[in-house]
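Everything below concerns the one structure shown next.
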Amino acid sequence: MGYPNLLKKIMENSEIDFSQQELEALLNNILTELEQGDFQQRWEVSKILPSLGTPVLEPLLNILKDETADIEMRWFVARTLGNFKSEIIIEPLINLLKNSKSEPTEAEISLQEITIITLSNLGNSAIAPLIQLLEKPDSKLLATQALAQIRHSETIPPLLTVVNDPNSKIRAIAIEALGSFHDPRVIPILLEALNDPVADVRKQAVIGLGVRLNSLENINLVEKLKPLLWDIRPEVCQQTQLALARLKTDEAATALFEQVQSQSVPISLKIDGVRSLGWIETAKSLDYLQEILLTFDPQFNLNSNPETIEKITLVREIIPCIGRFETLELRKQAHQILVNFINSNHPAISDPKTKQLIALELGKLGLIEAINPLIKLLIDPNPSVRFHCISALKQIEPEQTYQYLQNLSHQKDISSDIKQAILIALSEISNQ
C-alpha cells in the first residue's frame, strides 16, 4: 500500500495492520514532510504521528533535542509529544527549558510556551523535575509557568517558595496559581500580596481572594480590599469591584458607592462600580443606585460635551442594574425608583435612549403597576420609545394588561393621543 493510501486510511481512523517495513517507510515519509513541509503540512502530519504509537517517540525526541533544527518543526514536535503519556519525554522537555536563552526570539518563546503546556498536561509526573528547574535562577520563570498550569495541590509548596521572588512576573504567576487552591496556607499569602508594589501581583491577589469568600469568615475582607478601589491602576480597581460585588454585603455596597460618587474616579470605573452595585442585590445597594441616579448637577444639560456624555452614559448603565433585581420586595423597590425617575425633572429623561431603557426594565420587573407609567411613554414622539413601551407591556402578565388597557380605552376622559396609543398596544398584545 502506497504512502498516500496509508495516510488516507489513518486520517479516516480506519483499522489497518502495518508490516514493519510499511511502518518504517510511513514514519520516514511523515518525518520528511515534518522536516520539509510548510506550516499546514506540518500541522496535518503532526495529527497522524500519535496514531503510530511509541515507535515515533525516539525520532521525535531526537528532533526536540537538536538545537540546530528548525524551531517551527521543534514546536510541532513538542506539541505532538503531549499526546504521549510517557515519562521518557519529561527529561528532554525539561532540558529544553533549562537550555533556553536569556533573551529568546519570538519563535523561541513560542517553543517554550508549547513545551510548558506539554509538561503541564503530564500532571504530577512533571512536578519533581520542574521543582529542580525552579531552583535554577535562569529557568525559574519557565518552571513557575509550568508548575502554575498543572493545578495540583502538590504544586503549592514549590509555588510558595517564589511568592516573594524579586521577579514580579514570577510573583504574579505564583499568586495567580495559588489563588485557585482552597488551601489555608494560601490566604495569608494573598492578603500580603495586596500590598505588592507591582499592579499585576495585586490584581492576581484580589482575584484569588474574590473566589474564596467562604474561607474568609473571620477576615474583614471589605477593609482589606477597600484601599484597592483607589489603586493607581484601573485593572486592579476593576477586580476589586468584582470581588466586593461577590460579597453581597451592605459594607461592600457602601465602599462601591463611595467610589462611584467620587469626582476623581474616571467614567469607566464608575460604570463598573455601578454594575457591581447591581450584582450585590440588596436593598442598600438599590438605595445607592437610586441616589446615584437621582443626584445630578444643576448645570447638567443634553449638549454634546464630554461631561454630559459621561453623565448620560452613567444613567444608561444604572437603569439596567436597577431592573436586574429578582426578589419581589426588591423588584417593587426597583419599580418605584424607575417610576420616580420618569416623574423627576432629571435632564436625562428627555434622552430617548434613557426612556427606552426605562420602558425595557419596567417590563423585565414585570409588575402590573408599571402599566400606567408605560402608558405615559406610549405617547412619546420618538417611535423607538413607543416600540419599547409596547414590548414592555407584553411582558407584564399579558391577560391582565390586555384587560386593563381594554377598559382604559373605553374611558371618556382620556385624550385622543393616549387612546390611539392604547389601541395600537392592544393590537400588538393580541397578536403575540
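Side notes on the structure shown:
- Conditions (1) within 35 Å of the chain's Cα centre (by Cα); (2) under 23 Å from Ile109 (Cβ atoms); (3) buried (at least 16 other Cβ atoms within 10 Å of the Cβ); number of the one not met by Phe39: (3)
- Residue in region 229-243 that is of a type in the set (S, T, N, Q) and touching a Pro at 6+ places or on another chain (Cβ under 8 Å) present: no
- Check on Ile116, under 29 Å from the mean Cα position of the chain (by Cα), in a helix (DSSP H, G or I) and either touching a residue at least 12 places away in the same chain (Cβ under 8 Å) or closer than 23 Å to Thr161 by Cα (or both): yes
- If only residues of region 184-225 that are of a type in the set (Asp, Glu) and closer than 22 Å to Thr161 by Cα are counted, the one that is least open to solvent (accessible area, probe 1.4 Å) is Asp196.
- The number of residues in region 27-63 being among the small types (Gly, Ala, Ser) and in a helix (DSSP H, G or I) comes to 2.
- Single residue of Leu52, Leu60 found to be hydrophobic (A, V, I, L, M, F, W, C), more than 30 Å from Leu141 (Cα to Cα) and more than 30 Å from the chain's Cα centre (by Cα): Leu52
- Scan region 241-268 for residues that are open to solvent by 10 Å² or more (accessible area, probe 1.4 Å) and in a helix (DSSP H, G or I) and the total you get is 11.
- Scanning region 269-291 for residues that are farther than 12 Å from Leu330 by Cβ and open to solvent by 70 Å² or more (accessible area, probe 1.4 Å) yields Arg275, Trp279, Glu291.
- Taking the numbered list (1) in contact with a helix residue (DSSP H, G or I) (Cβ under 7 Å, 6 or more places away or on another chain); (2) surrounded by 13 or more Cβ atoms within 10 Å (Cβ to Cβ) in turn, Ile368 passes all entries but (2).
- Counted as qualifying within region 319-432 are the helices (runs of 4 or more DSSP H) with 2 or more residues that are of a type outside the set (Gly, Ala, Ser) and closer than 26 Å to Leu293 by Cβ, namely 328-343, 352-365, 371-377, 383-394.
Per-residue answers, yes or no, for (1) surrounded by 15 or more Cβ atoms within 10 Å (Cβ to Cβ); (2) free of Cβ contacts under 8 Å to residues at least 24 places away in the same chain; (3) touching a His at 6+ places or on another chain (Cβ under 9 Å):
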{"site": "Ile48", "(1), (2), (3)": "yes, no, no"}
{"site": "Ser51", "(1), (2), (3)": "no, no, no"}
{"site": "Val56", "(1), (2), (3)": "yes, no, no"}
{"site": "Asp66", "(1), (2), (3)": "no, yes, no"}
{"site": "Trp75", "(1), (2), (3)": "yes, no, no"}
{"site": "Ala78", "(1), (2), (3)": "yes, no, no"}
{"site": "Glu87", "(1), (2), (3)": "no, no, no"}
{"site": "Ile90", "(1), (2), (3)": "yes, no, no"}
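- Just so you know, in region 157-183 the residues that are over 25 Å from the mean Cα position of the chain (by Cα) and outside any loop (DSSP other than H, G, I, E, B) include one that is surrounded by the fewest Cβ atoms within 10 Å (Cβ to Cβ), and it is Pro157.
- Within region 135-153, being modelled with pLDDT of 90 or more, open to solvent by 10 Å² or more (accessible area, probe 1.4 Å) and farther than 22 Å from Pro184 by Cα holds for Lys140, Leu141, Leu142, Gln145.
- Residue within region 387-400 that is more than 21 Å from Lys332 (Cα to Cα) and open to solvent by 10 Å² or more (accessible area, probe 1.4 Å) present: yes
- With respect to the conditions (1) modelled with pLDDT under 85; (2) buried (at least 19 other Cβ atoms within 10 Å of the Cβ); (3) over 38 Å from the mean Cα position of the chain (by Cα), Ile375 falls short on a single one, namely (1).
The values are calculated or read from the model by the stated rules, or taken from the named source; none is laboratory data. Quick caveat: nothing in here was measured; it's all calculated off a predicted structure. Because the Cβ atoms are built from the backbone with ideal geometry, glycine has one as well, and the counts that use them run over all protein chains shown. Quick note on the areas: whole protein, heavy atoms, side chains included, nothing else; ligands and nucleic acids left out. Shrake-Rupley method; radii C 1.70, N 1.55, O 1.52, S 1.80 Å.
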